[in-house]
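The structure appears right after this line, and notes come after that.
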Amino acid sequence: MSQYLSGNYYCLTDKGKVRKINEDYANALINPFGNVLMMVADGMGGAQKGEVASKNLVKYITSEFLSLEKEFKNEKAMSKWVYKVVKEANSKIYLKANSDEKFKGMGTTLSLVLLVKDKLLTAQIGDSRVYLLIDNNLTQITEDQTYVNYLIKSKGMPKEIANTHPKRHELTNALGTKSHLNVDINIRDYHHERILICSDGLYNNVPESDLASIIRGNDSLDKKANQLIAFGNFNGGSDNMALILWESEN
C-alpha cells in the first residue's frame, strides 16, 4: 500500500464568543511513510477537564503515529492500529479521570482520518464530523453518536426538529468516560476529495451550504479556515470551534 500521498492541510481552533476556555483540539501530520493522520477532538467536562482530555488524546495518538516502524500493509493493519491506539488513549484518560478528583467526569469526542495511498479510514466517537467534497457537494461520511441522531434513525424524527431538540447535544458515546469504548471504524476508497474535519461548534454555527461554498473555493487553506471560523463567530460563536482542511495534490 506504500505510495507517498501529496497534499496540504491546515488546522485551526477558536474559543468562540461564549465559552471561557477552548476545549477543542486538532492536529494533522504526515509520517515518514507518507501516511496522513488528522484528528479533531471536542473536550467535555468543563473547566480544564475537557481541555486536558482532548489535548491528551490527540497528543498520545500523534506520538504513536510518529513512532510507527513499518508501513501499513493493508486495510486490516490500518484498522487494527487505529483501534489499538484509540482504546489505549481511552484507558489513559479514563484512569486519569478516576484517579484525580479535579479531572472527574472529563471526556472527549474524536473524529479521526487516516489516509494511506488510496484508502481513507475514519474512526468516530461522539459528534464531531468528517466531510468530503464530492461533486462540489459536502457529504458527511461519519455518523453523529448522539441521542437526537438515534431518534432520527429509529423514530423517524425530522432533522429540522432535531436542530432545536433540547437534548441535541447529548452524546451516546464519548472517549474517556467509561472503561470500555465503542469505536466506529470505516474504510473507503479515497479519490483525492477535499476533506473537512470539524467539531460541532463549527457545523452548528455555519450551514452546510456555506461550509461547502468556502471549501470548494480557490482560496488558500489558511484563508478558508479563517473564513469558516469568522463565519461561525458572526453567527453567534456559541461554542468552541475546531477544524482541519485537507486538499490532495495527487
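The values are calculated or read from the model by the stated rules, or taken from the named source; none is laboratory data. It should be emphasised that the depicted structure is a prediction, and the values quoted were computed from it without experimental measurement. Neighbour counts are summed over all protein chains in view; Cβ atoms, including those assigned to glycine, are modelled from backbone coordinates with ideal geometry.
Listing for the model above:
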{"read-out": "Residue check for K20: in contact (Cβ under 8 Å) with a residue 60 or more places away in the chain, farther than 25 Å from K178 by Cβ and surrounded by fewer than 22 Cβ atoms within 10 Å (Cβ to Cβ)", "value": "no"}
{"read-out": "Looking only at the range 222-233, and only at residues there that are of a type in the set (A, V, I, L, M) and buried (at least 19 other Cβ atoms within 10 Å of the Cβ), the one that is farthest from R194 (Cα to Cα)", "value": "I229"}
{"read-out": "Residue in the range 52-64 that is of a type in the set (A, V, I, L, M, F, W, C), under 23 Å from I215 (Cβ atoms) and under 19 Å from the mean Cα position of the chain (by Cα) present", "value": "yes"}
{"read-out": "Where a residue in the range 210-235 is among the aromatic types (F, W, Y) and its partner, wherever it lies, is in a loop (DSSP other than H, G, I, E, B), with Cβ under 8 Å and at least six apart", "value": "F231/N205; F231/V206"}
{"read-out": "Condition broken by Y203, with the remaining ones in (1) more than 25 Å from M78 (Cβ to Cβ); (2) of a type outside the set (G, A, S); (3) surrounded by fewer than 22 Cβ atoms within 10 Å (Cβ to Cβ) satisfied", "value": "(3)"}
{"read-out": "Test: S91 is out of contact with any His (no Cβ under 8 Å at 6 or more places or on another chain) and either surrounded by fewer than 21 Cβ atoms within 10 Å (Cβ to Cβ) or assigned to a helix (DSSP H, G or I) (or both)", "value": "yes"}
{"read-out": "Selection from the range 23-60 of residues that are aliphatic (A, V, I, L, M), crowded, with 17+ Cβ neighbours inside 10 Å and closer than 18 Å to M78 by Cβ", "value": "A28, I30, V36, L37, M38, M39"}
{"read-out": "Pairs with Cβ under 9 Å, 6+ apart, first in the range 120-144 and over 28 Å from A89 (Cβ atoms), second surrounded by 22 or more Cβ atoms within 10 Å (Cβ to Cβ) and of a type in the set (F, W, Y)", "value": "L138/Y131"}
{"read-out": "Among (1) more than 25 Å from K117 (Cβ to Cβ); (2) of a type in the set (D, E, K, R); (3) under 19 Å from the mean Cα position of the chain (by Cα), the one test that D219 misses", "value": "(3)"}
{"read-out": "Pick from the range 167-190, criterion within 17 Å of Q140 (Cβ to Cβ), over 15 Å from the mean Cα position of the chain (by Cα) and touching a residue at least 40 places away in the same chain (Cβ under 8 Å), ranking: surrounded by the most Cβ atoms within 10 Å (Cβ to Cβ)", "value": "Y190"}
{"read-out": "Residue within the range 31-51 that is at pLDDT 95 or above, in contact with a strand residue (DSSP E or B) (Cβ under 6 Å, 6 or more places away or on another chain) and farther than 27 Å from V206 by Cβ present", "value": "yes"}
{"read-out": "Odd one out for D219 among (1) out of contact with any strand residue (DSSP E or B) (no Cβ under 9 Å at 6 or more places or on another chain); (2) surrounded by 15 or more Cβ atoms within 10 Å (Cβ to Cβ)", "value": "(2)"}
{"read-out": "Test result for V86, assigned to a helix (DSSP H, G or I) and within 20 Å of T146 (Cα to Cα)", "value": "yes"}
{"read-out": "Total residues in the range 97-154, condition assigned to a strand (DSSP E or B) and among the hydrophobic types (A, V, I, L, M, F, W, C)", "value": "15"}
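A quick yes/no check of all residues on (1) closer than 12 Å to L181 by Cβ; (2) crowded, with 22+ Cβ neighbours inside 10 Å:
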position	(1), (2)
T62	no, no
S67	no, no
N74	no, no
Y83	yes, no
K87	yes, no
K96	no, no
G105	no, no
T108	yes, yes
L115	no, yes
